[in-house]
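The values are calculated or read from the model by the stated rules, or taken from the named source; none is laboratory data. Computed from a prediction, not measured in an experiment: that's the story for all the values here. Glycine gets a Cβ as well: all are built from the backbone with ideal geometry, and neighbour counts include every protein chain shown. Note: areas computed on protein heavy atoms with side chains; ligands, DNA, RNA excluded. Shrake-Rupley method; radii C 1.70, N 1.55, O 1.52, S 1.80 Å.
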Amino acid sequence: MGYLQHPVSEDRPVRIGLIGAGWIGSFHAESVALRIPGARLEAIADPALPAVEALAGRLGVAKISTDPADVLEDPDVDAVLISAPARFHSGLIAAAARAGKHAFCEKPGGRTVEELDEALKSAEAAGVVVQFGFNRRFADGFAAARKLIDDGAVGTPQLLRSLTRDPGTADGIADPGRIPPGTIFLETLIHDFDTLNWLNPGAVPVSVYAVADALVAPGAKEVGLLDTAVVTVTYSNGAIAVAEANFNALYGYDVRGEVFGSAGMVTAGGPQETSATSYTAAGIGSATVRRNVDLFHDAYTAELAHFVDAVKAGRDGTEVPAAQAPGGTDARNALAVALAAFRSAETGLPVDVASVAVLSPAEPARHLVGNKA
């Protein structure tokens, strides 16, 4: 008697190629290789060969290259993880789409809304998954705050706040010249802009006013550095939001959010490493986090796990994960606010977001308890 055939579920890993082996790319690679069971790190590409060789050796990856095209053309690669410099993001998303590869891309999605739109058009035509690296949505505290908002805990959002203070030292910014103009808006505050958009569901930003300066490294302002900024954003539902950033918080890496509304308030985030607090003769003390990959360790992993699940669902014809990941509309809306803020800081004037791009909400408005007509 021979074996009978019994149907089994196929559980092939999603094979991912990394493009960009810098700081965050290396951390993402470790997540794929070591922390996400449904994924396999198939290949790594970066122009800096020593960095690629070191990362591949550490993670046991055989395929390495200095050319992203090798990853994009590899038939064994299902999806790409784009962690290259921001100026390459839109082009790599479009190239991945043309190659039939799904793409997870770090923020921002592009340098202009127009180039991002072209990339998203290519992805839509190819029918591939595109997700962007707005990791705060996957942090437990911020996710819990959003659920409270959905459940009506704050009623109608009226005032919102989000801040990012990068960890620093008493010596200030080590190499101000390496920071391109606009970085504080396009690569730092863009996280806050996405967070504010996400915590105010169904609304879109309509006006932006930014004040920014080089307060940490005043001597670098003449080469375009802005290291401190405060941005006010008004929304289509009347809510007013404030985002702020600074590149040199001596006490640690500090990321927080707050939504105040007609029925209450929710908050999320903070720099504390744990809830443990010491009370001694020296005063009250609490350990703080110093690196983004420590403060958002689990969130970085969760966002990639969600991407892998979405790719597998499309491949296997199963149910797509229920949680909404940041997609093209989210990336577009956050980028438009960042560009408007950069323009406002340059001109000293408020900027209508519609002059940058016409925006649509990424999701419908929620029916909120305490909502007043």
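Can you list residue pairs whose Cβ atoms sit under 8 Å apart, with the first residue in region 346-359 being in contact (Cβ under 8 Å) with a residue 40 or more places away in the chain and the second being assigned to a loop (DSSP other than H, G, I, E, B) and open to solvent by less than 70 Å² (accessible area, probe 1.4 Å)? Count only pairs 6 or more apart in sequence or on different chains.
353/204; 353/359; 359/204
Identify all residues within region 81-104 that are in contact (Cβ under 8 Å) with a residue 60 or more places away in the chain and open to solvent by less than 40 Å² (accessible area, probe 1.4 Å); write none if there are none.
Once the filter is applied, which keeps residues that are in contact (Cβ under 8 Å) with a residue 60 or more places away in the chain and open to solvent by less than 40 Å² (accessible area, probe 1.4 Å), region 81-104 yields 81, 82, 83, 84, 86, 92, 101, 102, 104.
Checking the conditions here, which among 354, 336, 345, 341 is of a type in the set (A, V, I, L, M), open to solvent by 40 Å² or more (accessible area, probe 1.4 Å), at pLDDT 95 or above and in a helix (DSSP H, G or I)?
Numbers: 336 fails: open to solvent by 40 Å² or more (accessible area, probe 1.4 Å); 345 fails: open to solvent by 40 Å² or more (accessible area, probe 1.4 Å); 341 fails: open to solvent by 40 Å² or more (accessible area, probe 1.4 Å).
That would be 354, the only listed residue that is of a type in the set (A, V, I, L, M), open to solvent by 40 Å² or more (accessible area, probe 1.4 Å), at pLDDT 95 or above and in a helix (DSSP H, G or I).
With 143, 54, 45 as the choices, which residue is of a type in the set (A, V, I, L, M, F, W, C) and either over 28 Å from residue 188 (Cβ atoms) or touching a residue at least 12 places away in the same chain (Cβ under 8 Å) (or both)? Break it down into steps so the answer makes sense when it comes.
Values: 143 fails: either over 28 Å from residue 188 (Cβ atoms) or touching a residue at least 12 places away in the same chain (Cβ under 8 Å) (or both); 54 fails: either over 28 Å from residue 188 (Cβ atoms) or touching a residue at least 12 places away in the same chain (Cβ under 8 Å) (or both).
Answer to the selection: 45.
Take residue 237 and decide whether it is closer than 23 Å to residue 295 by Cα and open to solvent by 10 Å² or more (accessible area, probe 1.4 Å).
On the way: closer than 23 Å to residue 295 by Cα: no; open to solvent by 10 Å² or more (accessible area, probe 1.4 Å): yes.
No, not satisfied.
I'd like to check which strands (runs of 3 or more DSSP E) are fully inside region 259-301 and have at least 2 residues that are surrounded by 13 or more Cβ atoms within 10 Å (Cβ to Cβ) and under 25 Å from the mean Cα position of the chain (by Cα). Please lay out each step first, then the result.
On the way: elements: 265-269, 278-280, 283-285.
Ranges flagged: 265-269.
Regarding region 52-60, can at least one residue be identified that is in contact with a Ser or Thr (Cβ under 6 Å, 6 or more places away or on another chain) and farther than 29 Å from residue 334 by Cβ? Write out each step before concluding.
Pass one, region 52-60, residues in contact with a Ser or Thr (Cβ under 6 Å, 6 or more places away or on another chain): 55.
Pick out the ones that are also farther than 29 Å from residue 334 by Cβ and you get none.
Checking region 52-60: not a single residue is in contact with a Ser or Thr (Cβ under 6 Å, 6 or more places away or on another chain) and farther than 29 Å from residue 334 by Cβ.
Tell me yes or no: at least one residue of region 213-220 is under 28 Å from residue 350 (Cα atoms), open to solvent by 50 Å² or more (accessible area, probe 1.4 Å), without any contact (Cβ under 8 Å) to a residue 60 or more places away in the chain and in a loop (DSSP other than H, G, I, E, B).
Yes, because at least one residue in region 213-220 is under 28 Å from residue 350 (Cα atoms), open to solvent by 50 Å² or more (accessible area, probe 1.4 Å), without any contact (Cβ under 8 Å) to a residue 60 or more places away in the chain and in a loop (DSSP other than H, G, I, E, B).
Open to solvent by 40 Å² or more (accessible area, probe 1.4 Å), under 24 Å from residue 241 (Cβ atoms) and in a helix (DSSP H, G or I): which single residue out of 144, 125 fits that description? Spell out how you get there, then give the answer.
Values: 125 fails: under 24 Å from residue 241 (Cβ atoms).
From the options 144, 125, the qualifying one is 144.
Out of the residues in region 174-198 that are open to solvent by 30 Å² or more (accessible area, probe 1.4 Å) and either outside any helix (DSSP H, G or I) or among the β-branched types (Val, Ile, Thr) (or both), which is nearest to residue 88 (Cα to Cα)?
180
Here is a check on your reading of the model: is residue 118 out of contact with any Gly (no Cβ under 9 Å at 6 or more places or on another chain) and either without any contact (Cβ under 8 Å) to a residue 60 or more places away in the chain or within 30 Å of residue 266 (Cα to Cα) (or both)? Let's see the steps before the verdict.
Numbers: out of contact with any Gly (no Cβ under 9 Å at 6 or more places or on another chain): no; either without any contact (Cβ under 8 Å) to a residue 60 or more places away in the chain or within 30 Å of residue 266 (Cα to Cα) (or both): yes.
When the stated conditions are applied, residue 118 does not pass them.
Test residue 326 against the stated conditions and say whether it is more than 30 Å from residue 356 (Cα to Cα), surrounded by 15 or more Cβ atoms within 10 Å (Cβ to Cβ) and not polar (S, T, N, Q). Steps first, answer last, please.
Details: more than 30 Å from residue 356 (Cα to Cα): no; surrounded by 15 or more Cβ atoms within 10 Å (Cβ to Cβ): yes; not polar (S, T, N, Q): yes.
It is false that residue 326 is more than 30 Å from residue 356 (Cα to Cα), surrounded by 15 or more Cβ atoms within 10 Å (Cβ to Cβ) and not polar (S, T, N, Q).
I need the full set of residues from region 128-141 which are over 21 Å from residue 71 (Cβ atoms) and either assigned to a loop (DSSP other than H, G, I, E, B) or aromatic (Phe, Trp, Tyr) (or both), in order please.
At the first step, the residues of region 128-141 found to be over 21 Å from residue 71 (Cβ atoms) are 134-141.
Those that are over 21 Å from residue 71 (Cβ atoms) and either assigned to a loop (DSSP other than H, G, I, E, B) or aromatic (Phe, Trp, Tyr) (or both): 134, 138, 139.
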